[in-house]
Amino acid sequence: MSATDASTYWNDIYAARPAATSPRPNACLTATVTGMPPGDVLDLGCGDGGDALWLAGRGWLVTAVDVSSVAVGRLTRLAAEAGLADRLAAHHHDLRTSFPAGAFDLVCAHYLHTPLDLDRTAVLRTAAHALRPGGRLLVVDHGSTAPWSWTRDPDIRYPTPREVAADLALPPATWAVERADAQVREATGPDGRTAEVTDHILIIRRTA
């Protein structure tokens, strides 16, 4: 599938639902980042922008990217309305073909799943290399299927955080796994339904 087709696919998904006016940040992000000194952060697959807006509101300089130009445009408007345009820049990127330039203190990838072709391992490996020494890569994946998910395959198996880390094959002399576990939480879907879901959480720190 071409970059144009991927953009069209996700643009159609975002355009089919009302624009979020107050998108909420992911719970794991707020728990992980609270207490960290703000720096430069890259949000991969920013979607509605809850994480990016929350980070910018706490002093982080945010680069937010998404394959959907609809999502990017909506987030750009929300940042301007919130007075955060000087700390939040949203860009259109198809991560199969391009990756944002720069060095970061934090890279976040929340639910970077797609039914389309994407070498996710290569993207996350590139993200790890974009960290400054001391920086962290936060990867939060689905560990279960929510009722509102586009994934309806009953036989789907979600890789564990340890398996994701092993696939990245990052040299332990330079990167250290700080967290690799699962947690259960109550989630709210786009239509307002709630359900108990499992998150897989991986945090990798660049040590050198």
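Under a Cβ-Cβ cut-off of 13 Å, what is the net charge of the residues other than residue 174 that fall near it, where Lys and Arg count +1 and Asp and Glu count -1?
Surrounding charge for residue 174 is +4.
Taking each pair of distinct Cα atoms in region 1-56 once, what is the resulting Kirkwood hydrodynamic radius in Å?
13.2 Å
Roughly how many whole Å is it from the C-alpha centroid of region 111-135 to that of region 156-188?
Distance between centres, Cα-based: 12 Å.
Residue 132 versus residue 163, label points 7 Å from Cα toward the beta carbon: distance in nm?
Here the answer is 3.5 nm between the modelled labels.
Please give, to one decimal in nm, the separation of the simple spin-label points placed at residue 185 and residue 22, each 7 Å out from Cα toward the Cβ.
The answer from the label model is 1.8 nm.
Let me check I've understood the local charge: for residue 197, count other residues with C-beta under 9 angstrom from its C-beta, Lys and Arg +1, Asp and Glu -1. What total comes out?
Value of the local net charge: -2.
Please report, largest first and rounded to whole Å, the three semi-axes of the ellipsoid equivalent to the chain, where each semi-axis is the square root of five times an eigenvalue of the C-alpha gyration tensor.
Values: eigenvalues 109, 93, 63 Å².
Those come to 23, 22, 18 Å.
With a probe of 1.4 Å, find how much accessible area the chain has per residue, and write the answer as a whole number in Å².
Value returned for the chain: 48 Å² of accessible area per residue.
The values are calculated or read from the model by the stated rules, or taken from the named source; none is laboratory data. The model shown is predicted, which means the values in this text are computed figures rather than measured ones. Positions of Cβ are generated from backbone atoms using ideal geometry, with glycine treated the same way; all protein chains shown enter the neighbour counts. Note: accessible area is taken over every heavy atom of the protein model, side chains too, but ligands, DNA and RNA are not part of it. Shrake-Rupley method; radii C 1.70, N 1.55, O 1.52, S 1.80 Å.
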